[in-house]
Amino acid sequence: MLRRFRSATHRERLERLGETDQAGRGVLESIDLSSLPEEQRKTAHAAMWAKIKTHDLADQAVLKPLIPPEGWFLKSKYGDKAATAAFLIVQHAENDPALMRETLREAGTPRGQGRGGRRPIRLDV
């Protein structure tokens with residue numbers, strides 16, 4: 001029973017992290033900077049994404065201690081939404097190639113338990 005409670009708690013935390021991760025990105029991607037001159041557009045884009053990177057680092061700090069002993073968040077235990085959230089947080093960890101390498105490889109993940117068939121967009125670490 002205690003083990004299931006811990007999983008549910010981690011599951012909820014991961015789901016919330018995933019929601020905020022995607023919400024911030026969605027808002028930034030919807031902002032139209034096309035009316036700005038190119039240099040201002042680049043500056044604005046860099047400033048906006050710097051804030052996202054700050055949140056990415058915070059998300060990684062929360063995620064790392066939650067990584068289970070089996071190496072990844074199995075859908076059968078944590079649910080698809082939580083497993084997807086964890087995948088996206090790691091995928092956005094460009095600052096931490098070791099985290100990306102160690103967790104995005106699906107070799108040790110039983111078939112059907114990983115990220116729902118989607119492969120990392122970028123795993124060149």
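The values are calculated or read from the model by the stated rules, or taken from the named source; none is laboratory data. Quick caveat, the model's predicted, so the values are computed rather than measured. As a convention, Cβ positions derive from the backbone with ideal geometry for all residues, glycine included, and neighbour counts pool all protein chains shown.
The one condition from (1) modelled with pLDDT of 95 or more; (2) loosely packed, with under 10 Cβ neighbours inside 10 Å; (3) under 24 Å from LYS81 (Cβ atoms); (4) not β-branched (Val, Ile, Thr) that PRO37 does not meet is (3). If you filter the range 86-102 down to residues that are under 21 Å from GLN22 (Cβ atoms) and without any contact (Cβ under 8 Å) to a residue 40 or more places away in the chain, you find that the one that is surrounded by the most Cβ atoms within 10 Å (Cβ to Cβ) is VAL90. Can ALA83 be described as at negative phi and surrounded by fewer than 17 Cβ atoms within 10 Å (Cβ to Cβ)? No. Among the residues of the range 63-94, those that are farther than 21 Å from ILE52 by Cα and of a type in the set (Gly, Ala, Ser) comprise GLY71, SER76, GLY79. Just wondering, is there one or more residues in the range 46-62 that are at pLDDT 90 or above, over 19 Å from THR20 (Cα atoms) and out of contact with any Ser or Thr (no Cβ under 7 Å at 6 or more places or on another chain)? Yes, the range 46-62 contains at least one residue that is at pLDDT 90 or above, over 19 Å from THR20 (Cα atoms) and out of contact with any Ser or Thr (no Cβ under 7 Å at 6 or more places or on another chain). Taken together, the residues in the range 69-80 that are surrounded by 21 or more Cβ atoms within 10 Å (Cβ to Cβ) and part of a loop (DSSP other than H, G, I, E, B) amount to 2. Look at the range 43-54: where a residue is within 21 Å of LEU88 (Cα to Cα) and a partner is surrounded by 13 or more Cβ atoms within 10 Å (Cβ to Cβ) and among the hydrophobic types (A, V, I, L, M, F, W, C), sitting 6+ places away or on another chain with Cβ atoms under 6 Å, you get MET48/LEU28.
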